[in-house]
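First comes the structure, then the notes that go with it.
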Amino acid sequence: MRSNELVPSRRDMLKLTGVAAFAAALAPHLALATEETVAAELKKLFGGKKMGTGKLKLDVPQIAENGNVVPLNVDVTSPMTAKDYVKAVHVFADGNPWPQVVTYNFTPESGRAAASIRMRLQKTQNVIAVAEMSNGDFYSAKSQVKVTIGGCGG
Amino acid sequence: MAIKTKPRLRVPSSAKKGELIEIKTLIAHDMESGFRKDKTGKSIPRDIINTFTAAFNGKTFFEAHWYPAISANPYQSFYYRASTSGELLFTWKDDDGSVQTAKASITVA
């Protein structure tokens, strides 16, 4: 289906939510990212939106000894009903060669907008999560992870 | 790398109606990021699982888009609110087009 995400097809673009599609389109030139460029791109992506804090809990270690396996947990407080639920959570790492980490799409059937995964971090950097609610609200959270041995390979 | 090994699932076999269940999945895959170089300095092409979905009785309720920052042998945990008895279907889609699926059934009392 999404066989080559470096060049997202038009159908893929349409299928994704607006924000995710925008993010995918931007990804190629985010490839040589720095903290500043990622911050600027995020501002462009979500700049017009009011970013709340508090509802989105981003759980990452303060210090990661091995950058190849860094636990990443996101948890959004929401009743998860058909009227009020979390549509998506996007996670970015601003010091990685490809800053997008994961995008989750939730539905009311999920029951709880929480998920855990393990990610790679190349160096010490900020992990940024943005939650998109069904009513159009956005929430963000940011946390720095100190990486002792970088992941992503040389 | 085509997906070859059987994914591992942890899903409760039964639940009460309305109960929130946690689902844990694990699949073996190199998740080659595309940023590594081999000994001769040549780039190793990207090959990752890019999409994971979970569906109940044919309806997708959770979707994860993975990028090269996801670790090898990806683990994913998430939640589902049990409503009726039925079948959960999990799908992993590889960059090369191959697809791996796994099923689990759940009984709701």
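The values are calculated or read from the model by the stated rules, or taken from the named source; none is laboratory data. No experiment lies behind these values; they were computed from the predicted model shown. Neighbour counts are summed over all protein chains in view; Cβ atoms, including those assigned to glycine, are modelled from backbone coordinates with ideal geometry.
Considering (1) more than 13 Å from chain B (Cβ to nearest Cβ); (2) polar (S, T, N, Q); (3) free of Cβ contacts under 8 Å to residues at least 24 places away in the same chain, the lone condition that A:N135 does not fulfil carries the number (3).
Keeping to region B:42-68, report how many residues are over 14 Å from the mean Cα position of the chain (by Cα), in a loop (DSSP other than H, G, I, E, B) and at the interface with another protein chain (Cβ under 10 Å from one of its Cβ atoms). Of the residues in that region, 3 qualify. The sole residue among B:D96, B:D30 that is among the charged types (D, E, K, R), within 9 Å of chain A (Cβ to nearest Cβ) and not in a strand (DSSP E or B) is B:D96. The set of residues in region B:99-109 that are buried (at least 17 other Cβ atoms within 10 Å of the Cβ) and either of a type in the set (V, I, T) or not in a strand (DSSP E or B) (or both) contains only B:I106. On the basis of being small (G, A, S) and at pLDDT below 90, does B:A72 make the cut? Criteria not met by B:A72.
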